[in-house]
Amino acid sequence: MDSCRLTIKAQPGARQNGVDGLLEDAIKIRLQAPAVDGKANRALLVFLARQLGLRPRNIRLVAGLNSRRKIVEIEGLDENTAREKLLGEKQACARSRPDLKRFG
C-alpha cells in the first residue's frame, strides 16, 4: 500500500477551511477550528481525509502537535497524488522543480 508524508503549515482560526497553496516546502491549510485542546489538529485530519477521499484513520499527525508546522503521514496515496489532490496539478509539480517559483 502506498503511503507518504506531507509538511503542512496550518492556520487555525480562519474564516473557512481551505488550501492556500504552497508556502516554501509546506502546503498551507486554513482551518476554522481554534488552536485549543487539539481542535485544530483534529480538524486538519478530517479536512485532509475529505480532500483526499480517505478515511480519517488513514491520516495521522507524526510531528508538530503544538506547532503550526506539521508533518502528516497518509496511508493509501503516494506523495504526488496527495499533492495533486490538495494543490491541483500545476502547483503540485512546482515542488519537484526547485527552479520554478510561485508568484502571486
(request) Give me a count of the residues in segment 39-55 that are more than 15 Å from I29 (Cβ to Cβ) and free of Cβ contacts under 8 Å to residues at least 12 places away in the same chain. (result) 1
(request) State yes or no: is A35 under 14 Å from N66 (Cβ atoms) and in a strand (DSSP E or B)? (result) no
(message) Report every pair of residues separated by at least 6 positions or lying on different chains whose Cβ atoms are under 9 Å apart, first residue within segment 17-28 and closer than 16 Å to A40 by Cα, second among the polar types (S, T, N, Q) and assigned to a loop (DSSP other than H, G, I, E, B).
(response) N17/Q32
(request) Can you give me the number of residues within segment 56-82 that are in a loop (DSSP other than H, G, I, E, B) and crowded, with 16+ Cβ neighbours inside 10 Å? (result) 3
(request) Look at L87 and say whether it is over 12 Å from T7 (Cα atoms) and free of Cβ contacts under 8 Å to residues at least 60 places away in the same chain. (result) no
(request) Being of a type in the set (V, I, T) and surrounded by 14 or more Cβ atoms within 10 Å (Cβ to Cβ) is the filter here, so list the residues in segment 29-55 that pass it. (result) I29, V46
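We did not get these values from a lab; they are worked out from the coordinates using the rules stated. Worth saying up front: this structure is predicted, and the values here are computed from it rather than measured. Note that each Cβ is placed from the backbone with ideal geometry, even for glycine, and that neighbours are counted across all protein chains shown.
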